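Report on the following structure.
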Amino acid sequence: MQGVAARSSGLAQVLKATARIVPSKVEPLGAAVIQESLPFIEKPASKTHSNYALASQLPPSGFLNPRVMSGIGVSCQYRLAHTDLQVPDFDYYRKAPKEADDSIEGDNNRKAFTYLMLAGAGAPALYGTKTVITQFVSSMSASADVLALAKIEINLDEIPEGKNVTFKWRGKPLFVRHRTAEEVDKEAAVDVGSLRDPQHDTDRVKNPEWLIILGVCTHLGCVPMANAGDYGGYYCPCHGSHYDASGRIRAGPAPLNLEVPYYEFVEDNLLVVG
Amino acid sequence: MSLVSVVYKSVFRRSSTFALAIVAGAFGFERIFDPTCDAVFAYINRGKLYDDCKATFAAQGGAEEE
């Protein structure tokens, strides 16, 4: 320790350094009231924007006064004093003491106002969001003209008993068959277990008198002929599938019964398919 | 205890009731805002809308069909 102290004393001229306190470079915001009691140390002549400018403010020492940049015991500290910062005066923006309501009641009133403003902005925002989302989602649904084409109304008075009428529905043939009581009884009596696609006649019709099916053969999509075939129903001329009067596959290559679309009897004599 | 204070304590203080209040407010806002906008639209376009000339169309249409 002794040696180090002695050595450092010999180099005292070189090692001499001071940490100077200089005014901070922060300019006060706005017009701060400068109190005369606070002493300003010094104002640097030039603004220090670069490292070189900062370094040039270091204390000079040694031969030909080179700047002490670093070394043993050399302080390169460059401290900005912050005690001379002037805090702006916010009194103008503060409520006068007589206006301020520090009671719980007054506190609640202030908070209620704040939250009311928030809710008042939130409700229209929520409404707007809902409207936009509804608009985009509803644009994905079918338009009115498409929906109008998706349904077909059929007047059942015009179809006599025992007759099969073909309509065009959604680009496909639609068979509407007015079945006789004889056909109804015959189809109801068929043993379901003996069928390729087991389905009872009552599962395929809402009103036993009327059979509504799509006229597309389940084999390869031909249009079957009505009142033909071995089972008194439909016969597909393409590959010889026989359907009965309930549209069920009975013979031939087709795997499934003729498809029954969704339909309902709106009035006694008005059928709506789709 | 004032009304504002009651509302603050019962509604705004809890996030759940606050969100509920916003949803209810959005409902109420829609019920007022939509008819108001429709009324403004109808007022600006009065005389041009279908409802305004429905009677005229019905009279003409009936005449043409017969």
How would A:175, B:33 line up by accessible area, probe 1.4 Å, largest first? B:33, A:175
Region A:152-273 - Rg (one decimal) and Dmax (whole number), Cα, Å: 13.3, 39
Looking at region A:130-205, which GluC sites (Glu not before Pro) are in a loop (DSSP not H, G, I, E or B) and have at most 12 other Cβ atoms within 10 Å? A:161
Give the calculated FRET efficiency between residue A:138 and residue A:188 to the nearest 0.05, with a Förster radius of 45 Å applied to their Cβ-Cβ distance. 0.50
Compute the convex hull volume of the Cα atoms of region B:3-60, divide it by the residue count, and report the result per residue in Å³ as a whole number. 105 Å³
Any chance you could check the Cα centroid distance between region A:117-179 and region B:1-35 for me, in angstrom? 37 Å
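Using a 10 Å cut-off around each Cβ of peptide B:19-27, what is the average number of partner chain Cβ atoms that fall inside?
So the per-residue partner count for this stretch is 5.
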Report, as an integer, the average count of C-beta atoms from other chains found within 10 Å of each Cβ along A:104-113. 5
Using a 1.4 angstrom probe with every protein chain in place, what is the largest-first accessible-area order of A:184, A:87? A:87, A:184
Please give the average number of partner chain Cβ atoms lying within 10 Å of the Cβ of each residue in A:126-134, rounded to a whole number. 3
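The values are calculated or read from the model by the stated rules, or taken from the named source; none is laboratory data. From a predicted model like this one, the values you see are computed outputs, not experimental measurements. Cβ atoms come from the backbone with ideal geometry, glycine included; neighbour counts cover every protein chain shown. Side chains are part of the model used for accessible areas, which takes the heavy atoms of the whole protein and leaves out ligands, DNA and RNA. Shrake-Rupley method; radii C 1.70, N 1.55, O 1.52, S 1.80 Å.
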